[in-house]
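Remarks on the structure that follows.
The values are calculated or read from the model by the stated rules, or taken from the named source; none is laboratory data. On a predicted model such as this, the values are computed, not experimentally measured, just so you know. All Cβ positions, glycine included, derive from the backbone under ideal geometry; neighbour counts span all protein chains shown. SASA here: full protein model, heavy atoms, side chains in, ligands and nucleic acids out. Shrake-Rupley method; radii C 1.70, N 1.55, O 1.52, S 1.80 Å.
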Amino acid sequence: MIFTSTARRLLSTPTSQRFYSSTTAMGKKVAVLGAAGGIGQPLSLLLKLSPQVTELSCYDIVGTPGVAADLSHIPSASSVTGNLPAAGTWPPSHNTGLEAALTGASVVVIPAGVPRKPGMTRDDLFNTNAGIVKGLVEACGDFCPDAVLAIISNPVNSTVPIAAEVLKKKGVYDPKKVVGVTTLDVCRANTFVGNAMGKDPKDVDVTVVGGHAGITILPLFSQVPGFSPSEEDREALTVRTQFGGDEVVKAKAGAGSATLSMAYAGYIFTENVLKAMDGEEIVQCAYVESSLTDAEYFASPCKFGPEGVTEVMGFGDISEYEQGWLDKMLPDLKKQIAKGVEFANK
């Protein structure tokens with residue numbers, strides 16, 4: 001895991017009704033779309049503390065000037081802005097608030113959308129979140145076509161294909177730059193295995209492949225050195241990793257989903273992308289366009305560099321047990337991908 005220290009300095013400027021800005025700086029701009037939400041606020045907080053971020057751009061349909069003003073009081077080196085959708089104009093114009101949020105961004109993190117509630121699957125979110133992601137990615141294609149898009153909005157198995165199809169239509173699709181964030185699955189697997197082994201989870205690194213929903217999530221516990229669980233424990237850990245989100249939704253009793261852990265995972269992912277842009281060698285699991293299986297998109301270890309994903313890596317030898325899960329998951333994953341592609345092209 002990557003840990004950061006707080007930087008030293010912050011300058012601020014007054015707020016306006018629809019926009020907040022503290023003094024800007026040269027360097028990496030990160031935009032968070034959905035910054036006032038349950039994931040967006042803690043994610044923005046963590047990114048404000050990151051020395052990799054020099055400008056943090058917060059966007060949402062409500063609340064972002066206040067979020068940005070609040071974040072601006074934190075003594076770190078990054079500036080912060082908060083934009084809302086532009087007010088209606090005549091003649092009609094595009095969303096200048098979203099344009100300001102995105103212009104010049106190196107990375108755009110998208111947690112926007114509605115959260116899961118008890119009894120809901122990620123796929124139940126599709127009808128609402130698919131349209132939100134489609135609209136936001138259209139704006140990314142217009143205002144920051146070279147940015148890496150880190151997509152958190154569920155169902156990721158479908159929203160990443162939606163983003164790719166939108167950008168293809170605009171002629172700016174680059175598979176190196178459209179990425180689904182599956183880091184939370186890795187965080188959960190590391191935590192659960194670390195606890196089972198009596199080790200600090202930061203010293204555990206579980207490869208998690210497939211997708212980011214239920215049985216499409218496949219932790220490769222057979223590759224963890226020194227870890228030999230019983231068949232019963234292996235099954236329990238696999239299922240808990242696959243359905244860890246349900247565990248949180250149930251525990252929150254209708255008050256939300258996995259927002260804090262997802263914010264942490266999104267921060268880790270984004271900071272690693274920024275470090276790779278600065279030349280550091282980074283390998284992390286991500287859901288990307290892939291030829292490793294017959295699913296068009298698949299999560300696996302990926303090398304990141306200055307332009308995003310530089311190599312989609314294989315995932316090595318897996319056990320018979322894991323192969324069984326892989327065979328079981330692929331039909332579901334391909335259906336969820338096809339659903340996203342169909343939505344984007346209708």
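One residue stands out in segment 277-294 among those that are open to solvent by less than 40 Å² (accessible area, probe 1.4 Å) and touching a residue at least 60 places away in the same chain (Cβ under 8 Å): the one that is nearest to Tyr173 (Cα to Cα), namely Val288.
Scanning segment 229-252 for residues that are modelled with pLDDT of 95 or more, touching a helix residue (DSSP H, G or I) at 6+ places or on another chain (Cβ under 9 Å) and either surrounded by 21 or more Cβ atoms within 10 Å (Cβ to Cβ) or not in a helix (DSSP H, G or I) (or both) returns Pro229, Leu237, Thr238, Thr241, Gln242, Phe243. Restricting attention to segment 101-112, the residues that are surrounded by 24 or more Cβ atoms within 10 Å (Cβ to Cβ) and in a loop (DSSP other than H, G, I, E, B) add up to 2. Each residue in segment 44-56 was checked for being open to solvent by less than 10 Å² (accessible area, probe 1.4 Å), assigned to a helix (DSSP H, G or I) and more than 11 Å from Val67 (Cβ to Cβ), and 1 of them qualify.
Any residue that is touching a strand residue (DSSP E or B) at 6+ places or on another chain (Cβ under 8 Å) and farther than 23 Å from Asn157 by Cβ - is there at least one of those in segment 282-299? Yes, segment 282-299 has at least one match.
Of the residues that sit in segment 253-276 and are outside any helix (DSSP H, G or I) and surrounded by 15 or more Cβ atoms within 10 Å (Cβ to Cβ), which one is modelled with the lowest pLDDT? Filtering first and then ranking leaves Gly256.
Could you tell me whether segment 298-311 includes any residue that is within 30 Å of Gly119 (Cβ to Cβ) and either open to solvent by 10 Å² or more (accessible area, probe 1.4 Å) or not in a strand (DSSP E or B) (or both)? No; the residues of segment 298-311 include none that is within 30 Å of Gly119 (Cβ to Cβ) and either open to solvent by 10 Å² or more (accessible area, probe 1.4 Å) or not in a strand (DSSP E or B) (or both).
Scanning segment 312-346 for residues that are of a type in the set (Phe, Trp, Tyr), open to solvent by 40 Å² or more (accessible area, probe 1.4 Å) and either at pLDDT below 95 or under 29 Å from Leu274 (Cα atoms) (or both) turns up nothing.
Condition check for Gln223 on (1) open to solvent by 10 Å² or more (accessible area, probe 1.4 Å); (2) over 16 Å from Phe243 (Cβ atoms); (3) out of contact with any Gly (no Cβ under 7 Å at 6 or more places or on another chain): one failure, at (3).
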